[in-house]
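The structure under discussion appears below in the form of structure tokens.
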């Protein structure tokens, strides 16, 4: 299974970029072939704010194990109802419209999160 993990700082950067560029009416909007992410009447726009970088779930677990210095106790289960085998954000339009470019890869994001968590909860 694969997931597109996005670090919170990258999400915040995308949201702020969207706030700084209010939506405009799409002058090319055609009701015969509507673009569901824009509007020809009301100024709104939908952006996909993700990382656009798939990570194997086992790789994610390996990164967690390396940072924590211990092996995970795995209880691998079959796919659950409603789950998907893969997620990956398509940020093509978001990058073009907002200049959005996520920077934090899973290795750095996991490390930063664990450092924050251990400090915040005085654990470790």
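Every number in this text was worked out from the coordinates using simple rules, so none of it is lab data. No experiment lies behind these values; they were computed from the predicted model shown. Ideal geometry is used to build each Cβ from the backbone, glycine not excepted, and the neighbour counts take in all protein chains shown.
Can you tell me the 0 to 90 degree angle between the C-alpha axis of helix 8-19 and the longest principal axis of the chain, rounded to 10? Once rounded, one gets 10 degrees. Length available on full extension from residue 122 to residue 71: 0.36 nm per residue minus the Cα-Cα distance, which gives 16.2 nm. Considering helices alone, the calculated mean residue ellipticity of the chain at 222 nm is -11500 deg cm²/dmol, with DSSP H runs of length four and up weighted by -39500 (n - 2.57) and normalised per residue. Restricting the calculation to Cα atoms, region 54-124 yields a radius of gyration followed by a Dmax of 15.9, 43 Å.
For the chain, the longest principal axis of the C-alpha atoms and the axis of helix 57-68 are separated by about 50°. What is the distance in Å between the Cα centroid of region 53-101 and that of region 13-41? Here the answer is 28 Å between Cα centres. Consider a paramagnetic label point 7 Å from the Cα of residue 97 along Cα→Cβ; state which residues of region 1-30 have an amide N under 19 Å from it. Under cut-off, by backbone N: 10-30.
On full extension, the segment bounded by residue 85 and residue 32 gains 15.7 nm, given 0.36 nm per residue less the C-alpha separation.
Can you put 94, 6, 87 in order, fewest other beta carbons within 10 Å first? Write down the numbers at each step before the final one.
On the way: 94 24, 6 20, 87 13.
Ranked by crowding around the Cβ, least crowded first: 87, 6, 94.
Above 23 angstrom, tally the Cα pairs of the chain and express them as a % of all pairs, no decimals. When every Cα pair of the chain is considered, 49 percent fall beyond 23 Å. Each principal axis of the Cα cloud of region 1-72 was taken in turn, and the coordinate range along them, longest first, works out to 55, 27, 12 Å. In percent, rounded to a whole number, the relative contact order of the chain is 37, using alpha-carbon pairs under 8 Å and six or more apart.
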